[in-house]
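In what follows, a structure is listed as structure tokens, so that the remarks can point back to it.
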Amino acid sequence: MSDSILGASKIIAFVPVTDMEQAREFYESVLGLRLVTDEFPFALVFDANGTMLRVTPVSEHKPAPFTILGWQVDSITTTVDKLTAASITFLRFPRLNDDDPQGIWNAPGGAKIAWFKDPDGNVLSVTEF
């Protein structure tokens, strides 16, 4: 379609959290995202390498059982090592990545993926293509 409505627009990502202080510590200090604006009590705005990430408070939260936010990385083994050193625990799934020492899944198409959770239980991932 030549008349794209949103194809040329920047995407904004949202992550729901119940504890803004804990979320700020995690996304800023652990993951290393740059805090752009603290719009307390409405949102924490981070720069995720050019993508706006709005961490927004919710009164109740039931995390989705699937990935809601992920990063493409150059070296998944290096990234997993660094996140593990920062006390991140990677998720293990039977017959998927449970036999890999770092919890990395080698997808049939060649991608390598590892999953972890933020303090609110949101599933996040890193992927090397």
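No value in this document is a laboratory result; all are computed from the given coordinates. Please read all numbers here as calculations on a predicted model, not as lab measurements. All Cβ positions, glycine included, derive from the backbone under ideal geometry; neighbour counts span all protein chains shown.
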Over all directions, how big on average is the projection of the convex hull of the alpha-carbon atoms in region 6-59, in square nanometres? 3.9
Under 5 Å between amide H atoms, partner at least 5 residues away or on a different chain: which partners does LEU91 have, H built in plane at 1.01 Å? TRP115, PHE116
Positive end of the dipole of the chain, charges at C-beta (+1 Lys, Arg; -1 Asp, Glu), about the Cα centre: which of SER4, PRO41, PHE26 has its Cα farthest in that direction? SER4
Quick calc: nm separation of the 7 Å Cα→Cβ label points for GLN72 and ILE12 -> 2.3
Zone of VAL58 (label point 7 Å along Cα→Cβ, backbone N under 13 Å): which residues in region 86-129? 120-123
Sorting PHE93, PRO65, THR77 by the position of each Cα along the dipole of region 56-99 (Lys, Arg +1; Asp, Glu -1; all at Cβ), the one nearest the positive end of that ordering is PRO65
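Based on the Kirkwood radius over alpha-carbon pairs, what is the Stokes-Einstein translational diffusion coefficient of region 62-129 at 10 °C with 1.306 mPa s viscosity, in µm²/s?
So the translational diffusion coefficient is about 131 µm²/s.
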Partner lysines for LYS117 [C-alpha distance under 17 Å; skip if fewer than 8 residues away on the same chain]: LYS62, LYS82
Around LEU44 (Cβ within 10 Å, Cβ-to-Cβ, excluding LEU44; K/R +1, D/E -1) the net charge comes to -2
Rg and Dmax of the chain, Cα atoms only, in Å: 15.8, 47
How big is the dipole moment of region 1-88 about its Cα centre under a simple scheme where the beta carbon of each Lys and Arg is +1, that of each Asp and Glu is -1, and everything else is neutral? Debye, nearest 20, please. 160
